[in-house]
Amino acid sequence: MVKLDNAGDVPGELRCGRMLPQADVPGGASAPGPRMLVLLGCTRQKAETPEGPLTWQDFLDPERLTRRTDELKGHRRPARDMFTSPLFLEALEAVAALRTTFGQDAVGVLIVSAAYGAIPEDREIAPYDVSFGDVSLEEARWRGEHLGLPAAVRQASEGYPLVLSLLGKAYRSATDLPGDEPLPGKRIYLTGTSGLGWLPEGSSQVRLGAAEMEAFGAGPMTVKAKVLQHFATGLARGGPEAFADVLAHHGAEGFLRVALTGRDI
C-alpha cells in the first residue's frame, strides 16, 4: 500500500485504482481549472560538461562569478535544458502533458539550484559542480539560507493552490526550515520510504518504497517522476473536478486517487 502521512489510510477503492466520488463544489459552481507548482532539484547530470565548471567558491564572490560565467558563455542554457537526470526529464514530460491539457499557465516549475538558488525554468545558467548532496544537512541548511531559498520558495508558491515537491532530502533541508511559516496552498512531498522527520503545517507526504516502485513500474531514481506522470494522465481524465478532489482530501490522499486512476487508464 502507498504510505501516506496526515492523510489517513488509503481506502479499498483507491487501492483498486478507482476514483472515489468527487468533492462537491459549493453552490453547484464548476470547479476551477487546475493550477499547481512543481518543485524540482538541480542534478549532477548536465547537458553541458566543460572543463572548469562553476564551483561554490565562485558563487561566494560576485566579481569572480561574473568573470567565470563570461568564460562559460558558450555553455550557458536555460535551466530546463541544462539538467538531464532521468527524474528531471521525466518530471518535465509530466509537466508538458499537464500544460497540453490545461494550458501553459496551469503548471509552474521552480528549480531549486544548489548554486543559483530558486530559479524559473527559463533562467539561463552556466554549468556548475555544486550539489546539496555533497555536504552535511546542516551545511545544506546554511547554504539554503544564504541563497534565500526558504523565502524564495514561499514567494514563488503564492497563487498556487497545490505545490508538489519532488525534492530529495538534502534539497528539502535547504528549502524548508523547521518553524518557518507554511507555504501557501496545499503542499505534497513525494519522498523515499523513510519520509520526512517533520511536516510543515498544511502539508502531507507520499512515501514511495519498493511496493510503490513495482506498482508504478519505476526504479528508485525515477519513481517520483513516474507517479507525477500517472497523476497527469489521471487529471486529464478527471479534469477540474479531480483537481478539486485533490484539494479536498488532505492533499496526499486525493493526489494518489488521481495517480492510481492514471496508472490504470
Based on DSSP, what percent of beta bridges with both residues in the chain are antiparallel, to the nearest 5? 35
Could you compute the FRET efficiency for L199 and E124, with r as their C-beta to C-beta distance and R0 at 41 Å, rounded to 0.05? 0.70
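Please find the FRET efficiency linking D81 to E241, where r is the Cβ-Cβ separation and R0 is fixed at 25 Å, and quote it to the nearest 0.05.
The pair D81/E241 has a calculated efficiency of 0.10.
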R0 = 35 Å: FRET efficiency of I265 with R44, Cβ-based, nearest 0.05? 0.55
Lys, Arg +1 and Asp, Glu -1 on Cβ, resulting dipole of the chain about Cα centre, debye, nearest 20: 400
Let me know the volume per residue of the alpha-carbon convex hull for the chain, in Å³. 125
Taking the chain and dividing mean pair separation by its residue count, relative contact order in percent (alpha carbons under 8 Å, at least six apart): 27
Among T175, V112, L92, which residue has its Cα furthest toward the positive end of the charge dipole of the stretch 31-207, with +1 on Lys/Arg Cβ and -1 on Asp/Glu Cβ? L92
For a quick check: with amide H placed at 1.01 Å from N, whose amide H comes under 5 Å from K186's, ignoring anything fewer than 5 positions away on the same chain? L162, V163
Pull up all non-local amide H partners of V109: gap of 5 or more, or a different chain, and H-to-H distance under 5 Å with H placed in the peptide plane. V38, E121
What is the gain in length, in nm to one decimal, between R67 and A248 on full extension, counting 0.36 nm per residue of separation less the C-alpha to C-alpha distance? 60.1 nm
Please list, in chain and number order, the residues 5+ apart from K46 or on another chain whose amide H is under 5 Å from its amide H, with Hs placed from the backbone. T84
When only DSSP loop residues count, what GluC sites (Glu not before Pro) in the stretch 51-135 have their Cβ near at most 15 other Cβ atoms within 10 Å? E51
Counting only DSSP beta bridges with both partners in the stretch 50-200, the antiparallel fraction in percent, to the nearest 5, comes to 55
Rounded if a/c is under 1.5, else prolate if a/b beats b/c, else oblate: with a ≥ b ≥ c from the C-alpha gyration tensor eigenvalues square-rooted, which is the stretch 181-262? oblate
Place a point 7 Å from the Cα of M221 in the direction of its beta carbon; the residues of the stretch 42-79 whose amide N falls under 20 Å from it are 42-50
Theoretical ellipticity at 222 nm over the chain - DSSP helices of four or more residues, -39500 (n - 2.57) apiece, nearest 500: -12000 deg cm²/dmol
Output for the stretch 199-242: GluC sites (Glu not before Pro) sitting in coil per DSSP, at most 11 other Cβ within 10 Å, listed by number, reads E201
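We did not get these values from a lab; they are worked out from the coordinates using the rules stated. Computed from a predicted model, the values in this text were never measured in an experiment. A quick note on method: Cβ atoms are made from the backbone with ideal geometry, for glycine too, and the neighbour counts reach across all protein chains shown.
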